[in-house]
Amino acid sequence: MTSKNLFFKLMKEDGKRRIWAVALASLGFFFFYPVVAAFMAGEIKSYSDYAQGLIKYNKRLSDWLSFHCGMTVFLMMVSSLICGLSSFSFLNSKSKVDFYHGIPVRREKLYVANFLNGILILAVPYGICLVLAVAVGIVNGGNPGLLCQVAVSSYFLHLTYYVLCYSVVVAASMLTGHLVVCFLGAIVLTFYVPMAIMLANAYYEVFFWTFESNNGIWEQGMRISPVVEYIYQVVQHAQGTLSVWDACKAWAVSLLLAASGCFLYQKRPSEAAGKAMAFSVSRPIIRILLAVLSALGLGIFFWSIRNSMGWAIFGILCGGAICHCVVEIIYHFDFKKLFSHKLQLAFCLALSCGVLVVFRYDLLGYDRYLPQASQVKEASVCVDTLNQWVSYGSTQLGKDGEYIWEGESSWGYAQDYMHYQDVENLLDIATEGVRQTEEKRRMYHAQNRYGYGPAMDEGQESWMGSQVKICYVMNSGRKVYRSYYIQFDDSLRPAMERLYSNEQYQRGTFPVLDLTADQVAAIRYRGQHNKEIYLGRLTDAEKKKFLETFQREFARLDMETMRQEAPVGLIRFAGVLDEEAKQKERERDKVEDFYSQYEYNESGGYYEYATVYSRYNNEDFYPIYPSFTGTLECLKERGVQARYIDSLDVREVHIYRDAHGTKYATDDPQEIEKLKKVLVAERLLYYNPVFQKENLEVGMMVPEKYEGGTRADTEDIEYRNLPAAIPKGKIPAEVQKALEQ
């Protein structure tokens with residue numbers, strides 16, 4: 001009982017010593033929560049509709065009380081620094097250390113009392129003011145259930161990451177003996193790992209040409225910081241993906257840091273008060289870590305300016321020497337100690353120069369790396385040019401009631417859904433990527449050294465260039481990432497066709513192949529410019545037949561067909577939210593008097609209207625090729641003729657060899673009809689990046705459409721230029737003759 005009373009007496013006396021912190025926290029939280037809650041309530045009267053005002057008030061107040069309130073995060077970080085520095089500030093004074101250590105109480109008990117007080121100083125005022133804010137909200141008509149739920153969850157979450165940040169500051173207090181040095185130490189412990197990760201990422205980005213940064217490893221490394229982890233979890237909460245397990249891990253790390261601080265306090269010599277560092281063994285470790293980081297940081301800075309090894313080494317020497325000298329001054333509080341550890345300085349500079357040389361000349365063979373096929377379990381591969389048109393994501397209903405398109409990257413989708421196992425074929429592509437990368441590196445550095453570079457080896461003409469990203473999943477479970485920019489020639493055609501036709505590649509690239517009929521709410525066809533057709537009155541069986549027919553024909557599509565055929569239209573298998581967003585947009589168009597053309601065809605059963613270019617309105621379309629006979633037949637059964645060029649009212653055609661060269665032009669209806677049988681829509685070629693076309697500029701002049709149709713007054717008619725293309729080797733004779741003149 002005596003021991004317990006002594007413990008609480010220690011906490012009470014420490015609270016008296018830090019009554020200023022209690023007052024500061026209470027005042028800050030009072031204005032931050034109850035006062036703000038009352039202030040927000042005054043805005044309810046500004047709405048003519050009281051119910052609408054209450055809805056807005058509930059939303060604003062719940063957002064302010066929630067875990068993702070940025071101002072609260074900032075307040076917690078500042079409070080953790082203040083409370084952490086003040087909890088053991090007596091350790092920075094020799095007289096106070098002698099007084100506290102003269103008390104007949106064990107150090108660990110004194111440590112726990114002060115440590116807990118640093119938490120309670122914030123937790124109690126924060127909790128009380130949060131309750132008052134909720135009470136103010138309820139009195140003004142707020143939703144009690146919503147406000148209480150938000151307040152309770154945010155209280156425990158904010159307190160979780162406050163304790164994490166606070167524990168780091170306390171650990172810094174145990175390692176140092178001076179208030180200013182303790183502050184600097186807390187900054188170093190908080191941000192050293194993220195800074196080192198960012199620097200390592202910069203070296204990989206600059207010197208390794210096949211480096212793929214979007215692999216998750218760097219993000220996980222950045223989170224080894226209480227502040228970065230705090231912000232990361234706030235963002236996750238705002239997106240609705242916060243993990244309780246992450247909060248539990250934060251508490252575990254906080255307990256580990258608290259225990260480490262207690263251990264250090266037990267070992268800390270009393271004479272460390274007033275000194276920069278409490279433990280002499282930690283001095284060289286921290287000095288070397290900071291000097292190497294500074295040296296490499298200034299080295300990459302100078303390299304980025306001049307791309308010169310000389311300037312990079314100059315940056316390393318300056319950065320390492322300056323940081324080393326500053327740390328020595330802080331350690332000893334004496335300018336005469338600038339170079340008191342010359343050997344350590346030489347080691348830091350030599351180590352930094354060695355790291356630079358390893359990266360600059362790729363001594364470890366990072367860019368040349370190719371695994372053995374037997375070592376790889378499976379892989380993900382993303383060829384940007386082939387899937388640049390594919391939509392990844394879905395339409396979502398936002399918190400504000402608006403529909404938005406929440407997309408994801410093609411590379412992220414491939415990593416989640418692709419399990420490509422034809423490793424031998426993938427290594428053939430990667431081998432060419434390594435060869436081209438080494439050639440480009442040779443040219444690049446020769447250009448920087450001599451002002452010009454040697455020409456690359458002449459090979460076959462490239463028919464496609466693309467960024468190719470690969471993730472090898474090794475048999476051990478380890479993931480290895482590489483990225484190449486490859487110019488594809490005929491030698492790689494078999495490998496690329498084998499890749500594109502692989503079912504595992506297709507399912508990891510084209511989301512439509514994994515759709516099921518019950519996910520489809522409507523089918524939309526887009527053909528003629530700015531026109532879309534809604535296929536109505538489809539039974540579940542008809543939707544299933546339509547979807548499965550398209551999936552079967554799309555999966556059979558090979559690159560040889562794509563080289564010769566251009567899409568004749570686009571199709572979208574829309575979901576429920578897609579259709580809800582579409583309907584809301586139509587209603588808004590009518591209210592806001594936007595131009596839209598709506599027609600209902602009783603026989604065909606479809607709407608046809610001018611599309612509005614919202615983000616979700618242009619996503620998820622897939623091309624239909626002339627060889628998709630089954631899909632075209634399904635469209636025909638619904639009264640839709642998939643013929644983009646044929647359906648256009650073309651009045652003139654202009655064909656240019658180049659901007660300043662000869663041109664062919666005609667407004668003869670017969671000549672135009674002949675050309676329309678050859679021309680393909682340039683707009684639709686976006687969906688076919690490997691289509692072989694002539695290097696010509698082709699424009700089709702079509703009349704603008706108005707609410708009443710095409711203007712009858714031909715003198716006042718306006719035209720739109722629709723770009724087109726001519727397939728490779730199919731230039732009509734009369735056009736070829738005109739262009740050669």
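The values are calculated or read from the model by the stated rules, or taken from the named source; none is laboratory data. Values in this document were obtained by computation on a predicted structure and should not be read as measured data. Methodologically, a virtual Cβ is constructed for each residue, glycine included, from the backbone with ideal geometry; neighbour enumeration extends over all protein chains shown. Each accessible area value is taken on the protein alone, full model and side chains, heavy atoms only, with ligands, DNA and RNA left out. Shrake-Rupley method; radii C 1.70, N 1.55, O 1.52, S 1.80 Å.
General observations
- Residue in segment 326-338 that is open to solvent by less than 20 Å² (accessible area, probe 1.4 Å) and not hydroxyl-bearing (S, T, Y) present: yes
- Strands (runs of 3 or more DSSP E) within segment 537-627 that include 1 or more residues open to solvent by less than 30 Å² (accessible area, probe 1.4 Å) and at pLDDT 90 or above: 569-574, 622-624
- Apart from one condition, V480 fits all of (1) surrounded by fewer than 18 Cβ atoms within 10 Å (Cβ to Cβ); (2) touching a Ser or Thr at 6+ places or on another chain (Cβ under 9 Å); (3) over 12 Å from V383 (Cβ atoms); the exception is (2).
- Test for R435: is it open to solvent by 70 Å² or more (accessible area, probe 1.4 Å) and at pLDDT 55 or above: yes
- Within segment 12-63, the set of residues being among the aliphatic types (A, V, I, L, M), open to solvent by 90 Å² or more (accessible area, probe 1.4 Å) and at pLDDT 85 or above comprises I19, L24, L27.
- Looking across segment 493-505, the residues that are crowded, with 19+ Cβ neighbours inside 10 Å and over 24 Å from the mean Cα position of the chain (by Cα) come down to A495, M496, L499, N502.
Listed here are the residues, each with its yes/no results for (1) over 23 Å from A430 (Cα atoms); (2) free of Cβ contacts under 8 Å to residues at least 60 places away in the same chain; (3) of a type in the set (A, V, I, L, M, F, W, C).
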| site | (1), (2), (3) |
| --- | --- |
| L338 | yes, yes, yes |
| H341 | yes, yes, no |
| L386 | no, no, yes |
| G393 | yes, no, no |
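- Residue match in segment 355-366 (condition: assigned to a helix (DSSP H, G or I) and open to solvent by less than 10 Å² (accessible area, probe 1.4 Å)): yes
- Residue in segment 512-519 that is open to solvent by 30 Å² or more (accessible area, probe 1.4 Å) and among the hydroxyl-bearing types (S, T, Y) present: yes
- If you go through segment 286-314 and pick out every residue that is among the basic types (K, R) and either touching a Lys or Arg at 6+ places or on another chain (Cβ under 9 Å) or surrounded by fewer than 20 Cβ atoms within 10 Å (Cβ to Cβ) (or both), you end up with 1.
- Scan of segment 353-371 for residues that are under 31 Å from the mean Cα position of the chain (by Cα) and either under 27 Å from E497 (Cβ atoms) or touching a residue at least 24 places away in the same chain (Cβ under 8 Å) (or both), ordered by number: V355, L356, F359, R360, D362, Y366, D367, R368, Y369, L370, P371
- Among residues of segment 196-223, those that are of a type in the set (D, E, K, R), under 19 Å from Y369 (Cα atoms) and part of a loop (DSSP other than H, G, I, E, B), counted: 1
- Pairs meeting the criteria (first residue in segment 577-594 and among the charged types (D, E, K, R), second residue modelled with pLDDT under 65 and surrounded by 11 or more Cβ atoms within 10 Å (Cβ to Cβ), beta carbons under 6 Å, at least 6 apart or on different chains) are E585/V612; D589/S596.
- Within segment 416-432, the set of residues being open to solvent by 10 Å² or more (accessible area, probe 1.4 Å), in contact with a strand residue (DSSP E or B) (Cβ under 7 Å, 6 or more places away or on another chain) and among the aromatic types (F, W, Y) is empty.
- With respect to being open to solvent by less than 10 Å² (accessible area, probe 1.4 Å) and either modelled with pLDDT of 85 or more or closer than 17 Å to Q233 by Cβ (or both), L81 falls outside the description.
- Any hit, segment 208-221, residues being within 18 Å of M77 (Cβ to Cβ), over 19 Å from the mean Cα position of the chain (by Cα) and not small (G, A, S): no
- Annotation note: of C318, C262, C248, the sole residue that is open to solvent by 20 Å² or more (accessible area, probe 1.4 Å), among the hydrophobic types (A, V, I, L, M, F, W, C), under 30 Å from H101 (Cβ atoms) and modelled with pLDDT of 90 or more is C262.
- If you check S66, S86, S93 for being small (G, A, S), in contact (Cβ under 8 Å) with a residue 40 or more places away in the chain and open to solvent by 30 Å² or more (accessible area, probe 1.4 Å), only one passes: S93.
- Note on segment 2-121: enclosed helices (runs of 4 or more DSSP H) holding 2 or more residues that are in contact with an Asp or Glu (Cβ under 9 Å, 6 or more places away or on another chain) are 50-65, 94-102.
- Pairs, first in contact (Cβ under 8 Å) with a residue 40 or more places away in the chain in segment 272-283, second among the polar types (S, T, N, Q), C-beta under 7 Å, six or more apart: A273/N92; A273/S93; G274/N92; A276/T176; M277/T176; A278/T176
Table: residues versus (1) part of a helix (DSSP H, G or I); (2) in contact with a helix residue (DSSP H, G or I) (Cβ under 6 Å, 6 or more places away or on another chain); (3) not aliphatic (A, V, I, L, M).
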site: P371; (1), (2), (3): no, no, yes
site: A379; (1), (2), (3): no, yes, no
site: V390; (1), (2), (3): no, no, no
site: S394; (1), (2), (3): no, no, yes
